[in-house]
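Worksheet: the structure to be examined is printed underneath.
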Amino acid sequence: MDEESELMQPQDQSCWATLPDVCLCRVFWWLGDRDRSRAALVCRKWNQMMYSADLWRYRTITFSGRPSRVHASEVESALWYVKKFGRYLERLEVKFLNPYNAVLTKKFQVTMRGLLSCLSKSNNRLKSLSIQHLELDRLVWRNSIRSSFIRSLSFFLKKMGKHLDYLNLKGARLTVEQGCHILDSLSHLRNENVISELNIEDYFSHHLAVYSSPQFKKTMSTFHNLVSLNLNYNCISDELLENLCENASTLWTINIKCHIHDPHGQVIWGMSWAKLARQATNLKVNFYFERIMKYERLARILLQEIPVRSISLRSCYFSDPDWSMRPTLTDLLPTFRHTLQKLTFEFNNNHESLDEELHLLIISCRKLFYFKIWAFLDVRFVERILKSQKERQCALRTLKVRIYTNRYETNEEDRTLREIYRKYRKLIDSELSYFVIAYPMM
């Protein structure tokens, strides 16, 4: 009888009990915190899996900006996680979505103070920190709340700065003094920090001429290991480029956003960019222009010495009959035909046709693999691009086109686009990420 029961026991045992650790860990990976806690009660093996470091290395904590019961549970969940598993954390992303009032910003500030304090005591693995779009210059952030949050974050970065490799504070919108104070915390008691990727796009409030601040230049001189840098053009100066030259061997990417409301009239010498390009031989610069479309302004910024990889020009739906895109397409952008790989356009050119100029620009940029445009175009423009692709005059891998029209109905355009797709279907399916649509601009 004993032998018989011993033989039957393995067959009666659940297959979950013999599941390999790798597979079980994957199952736990897809569970939420509450389900993981319940699963950990099943058996000793599952309880041990609950405390596997692999499950807790990455974390996104989202706080709602609206008062609700969900918001309360978000706070509790965040604090529970950090206290119980914060020691395993390597990458942390915090989101605070459109705060509604000062009560919620205060609660967020208090929660973050506890969260960061707990992490600074228990964690020595954190490599990446992202806290985006806080918009600290909004009225819902009272001075006392804002100051308390900045103190908490600065104290945390002083303790954890020696471990951090990636820092993303995009959209913080601080004064120059506040922003530099936080960044200086990374090099506390040291002359440098180990950050390799830094995102300070929209980090400072609009209208600030950060490029003229000695404090900002001094702060940026402590970043000696940068591989990737995101910032606004109102931070760019000859002195900043000189600082980047000193440790340029690691620098690969600079992403620069230039907004109409940011000061962007400073004079940058071409020789400063040329020196940086010589020192950082692998450097690629990407520009993102928001509502800055006039040739004179663009020409002051897009100097020929810059190793430009990508350009995005967006003006949304704003129209200016005195503005022309033609000089930019024919005279300025071809300057970068040997380095340009991505082009994104979004503009209202209802007053001028640019099909020919755009086609010639695409053909001249031999490294161009990504092209996206929202503009008033002839439907046959798409066919011309596909024909050039077929004849190997260009080497696009992505083609996205939104063709604006002045009519509510786009039946005729849609029919022509279907014919073009059928004609070049083999080419499109084999070579392109392709999206083309007619769109009524009324």
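Things to note:
- Annotation note: of Ser388, Ser353, Ser433, the sole residue that is surrounded by fewer than 18 Cβ atoms within 10 Å (Cβ to Cβ), in contact with a Lys or Arg (Cβ under 8 Å, 6 or more places away or on another chain) and hydroxyl-bearing (Ser, Thr, Tyr) is Ser433.
- Residues of the stretch 137-164 classified as open to solvent by 30 Å² or more (accessible area, probe 1.4 Å), within 23 Å of Lys107 (Cβ to Cβ) and in contact with a strand residue (DSSP E or B) (Cβ under 9 Å, 6 or more places away or on another chain), total: 2
- Scope the stretch 391-409; condition within 15 Å of Phe435 (Cβ to Cβ), open to solvent by 20 Å² or more (accessible area, probe 1.4 Å) and not in a strand (DSSP E or B); matching residues: Arg397
- Among the residues of the stretch 363-385, the ones that are part of a loop (DSSP other than H, G, I, E, B) and open to solvent by 10 Å² or more (accessible area, probe 1.4 Å) come to 6 in all.
- Contacts under 8 angstrom Cβ, first residue in the stretch 347-360 being within 12 Å of Arg326 (Cβ to Cβ), partner basic (Lys, Arg) and surrounded by 14 or more Cβ atoms within 10 Å (Cβ to Cβ), 6 or more apart: Phe347/Arg314; Glu352/Arg326; Leu354/Arg326; Asp355/Arg384; Glu357/Arg326
- Residue match in the stretch 202-212 (condition: in contact (Cβ under 8 Å) with a residue 60 or more places away in the chain and of a type in the set (S, T, N, Q)): yes
- Screening the stretch 187-222 for residues that are more than 20 Å from Asn255 (Cα to Cα), modelled with pLDDT of 90 or more and not polar (S, T, N, Q) and picking the one that is least open to solvent (accessible area, probe 1.4 Å) gives Pro214.
- Meets criteria (within 27 Å of Asp165 (Cα to Cα), open to solvent by 40 Å² or more (accessible area, probe 1.4 Å) and not aromatic (Phe, Trp, Tyr)) for Glu296: no
- In the set Leu183, Leu134, Leu167, only one residue is part of a helix (DSSP H, G or I), surrounded by 20 or more Cβ atoms within 10 Å (Cβ to Cβ) and not polar (S, T, N, Q); that residue is Leu183.
- Among the residues of the stretch 237-281, those identified as more than 24 Å from Cys316 (Cβ to Cβ), in contact with a Phe, Trp or Tyr (Cβ under 8 Å, 6 or more places away or on another chain) and open to solvent by less than 30 Å² (accessible area, probe 1.4 Å) are Ser237, Leu240, Leu241, Gln266, Ala280.
- Annotation: Leu360 fulfils all but one of (1) assigned to a helix (DSSP H, G or I); (2) open to solvent by less than 40 Å² (accessible area, probe 1.4 Å); (3) not aromatic (Phe, Trp, Tyr); the unmet one is (2).
- The set of residues in the stretch 54-67 being open to solvent by less than 60 Å² (accessible area, probe 1.4 Å) and either at pLDDT 85 or above or of a type in the set (S, T, N, Q) (or both) consists of Leu55, Trp56, Arg59, Ile61, Thr62, Phe63, Ser64.
- Residues that are outside any helix (DSSP H, G or I) and over 24 Å from Leu129 (Cα atoms) within the stretch 29-65 comprise Ala40, Leu41, Val42, Cys43, listed in sequence order.
- Entry remark, the stretch 77-126: residues being surrounded by fewer than 18 Cβ atoms within 10 Å (Cβ to Cβ) and assigned to a loop (DSSP other than H, G, I, E, B) number 6 in total.
The values are calculated or read from the model by the stated rules, or taken from the named source; none is laboratory data. This structure is a prediction, so every number in the text was calculated from the model and none was measured. All Cβ positions, glycine included, derive from the backbone under ideal geometry; neighbour counts span all protein chains shown. Note: accessible area is taken over every heavy atom of the protein model, side chains too, but ligands, DNA and RNA are not part of it. Shrake-Rupley method; radii C 1.70, N 1.55, O 1.52, S 1.80 Å.
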